[in-house]
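Read through the structure below, which is laid out as structure tokens, and then see the notes.
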Amino acid sequence: MKTYQVGYLVGSLARGSINRLLAKALTRLAPAGLELVEIPIRDLPLYSYDYDADYPPVARAFKQAIAEVDGVLFVTPEYNRSIPGALKNAIDWASRPWGKNSFARKPSGIIGTSPGSIGTAVAQQQLRGVLCFCNSPLMNTMEAYIQFSPGLISEDGTVNNDSTAEFLGNYMKELHLFVERVLTVHPREG
């Protein structure tokens, strides 16, 4: 059985981010054959096309980290009914310069949590539009908008609600199948 490595980007820069906690839970719930690794975005400067001729080392390392994984999972909060600026900045770095888009034909998924009842639905919809432009095949068979409440996820990544744990486990199984299906039918090298 092949193991697929999926890099995850947490859209929040906050140290106490509930989306970082969600990512930790997803890492624990990943099925055999799917390994999650974080691709940090915190140290990226603001993108400008002035950098296109000579990317700074942190941006080159970021693009290389995306190149090394089989898929990408975006774990994002919702800021003012949109995706966080830090996440959009990271996507801009990865998708530039023109013709060197790190997301092209790279399978991806989106998930997020928020204390609000719509659980990042608007931000996820906007992120889908951005990733569609980046030619990243998106997992659409299962969407996940998680309403966060205190104690839902422990600091070690344990999900303390059985139905939420089951849902997130199923989400990770679907992500695994999606990455495998995309890379089997449409390998990136081709």
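Here are some notes:
- For the range 14-83, taking the reciprocal of the average inverse distance between every pair of different Cα atoms yields a Kirkwood hydrodynamic radius of 14.3 Å.
- The charge dipole of the range 25-139, taken about its Cα centre with unit charges on the Cβ of Lys, Arg, Asp and Glu (plus for the first two, minus for the last two), comes to roughly 240 debye.
- Taking 0.36 nm per residue of separation and subtracting the current Cα-Cα distance, fully stretching the chain between Ser154 and Thr141 would add 1.9 nm.
- Carbon and sulfur %, accessible surface of the range 4-145 computed with the full protein complex present, 1.4 Å: 54
- Each Cα pair under 8 Å and six or more residues apart adds its separation to the average, and for the chain the resulting relative contact order is 26 percent.
- Per-residue packing, averaged as other Cβ atoms within 10 Å, sorts the ranges 65-78, 151-164 into the order 65-78, 151-164, beginning with the highest.
- Probe 1.4 Å, accessible area per residue of the chain, Å²: 49
- Cα coordinate range in the chain, projected on the principal axes (Å, largest first): 50, 39, 26
- Under Karplus coefficients 6.51, -1.76 and 1.60, residue-wise ³J(HN,Hα) of the range 85-96 in Hz, glycine/proline x: x, 5, 6, 4, 4, 4, 5, 4, 4, 5, 8, 10
- Peptides ranked, highest mean first, by Cβ atoms within 10 Å: ranges 87-94, 2-9: 87-94, 2-9
- Estimated 222 nm signal from helices in the chain, with DSSP H stretches of n ≥ 4 weighted -39500 (n - 2.57), rounded to 500: -12500 deg cm²/dmol
- Nearest-ten-degree value, helix 57-68 long axis tilted from longest Cα axis of the chain: 60
The values are calculated or read from the model by the stated rules, or taken from the named source; none is laboratory data. Computed from a predicted structure; not experimentally measured. Cβ sites come from the backbone with ideal geometry, for glycine too, and all protein chains shown count toward neighbours. Ligands, DNA and RNA are excluded from the accessible area calculation, which covers all protein heavy atoms including side chains. Shrake-Rupley method; radii C 1.70, N 1.55, O 1.52, S 1.80 Å.
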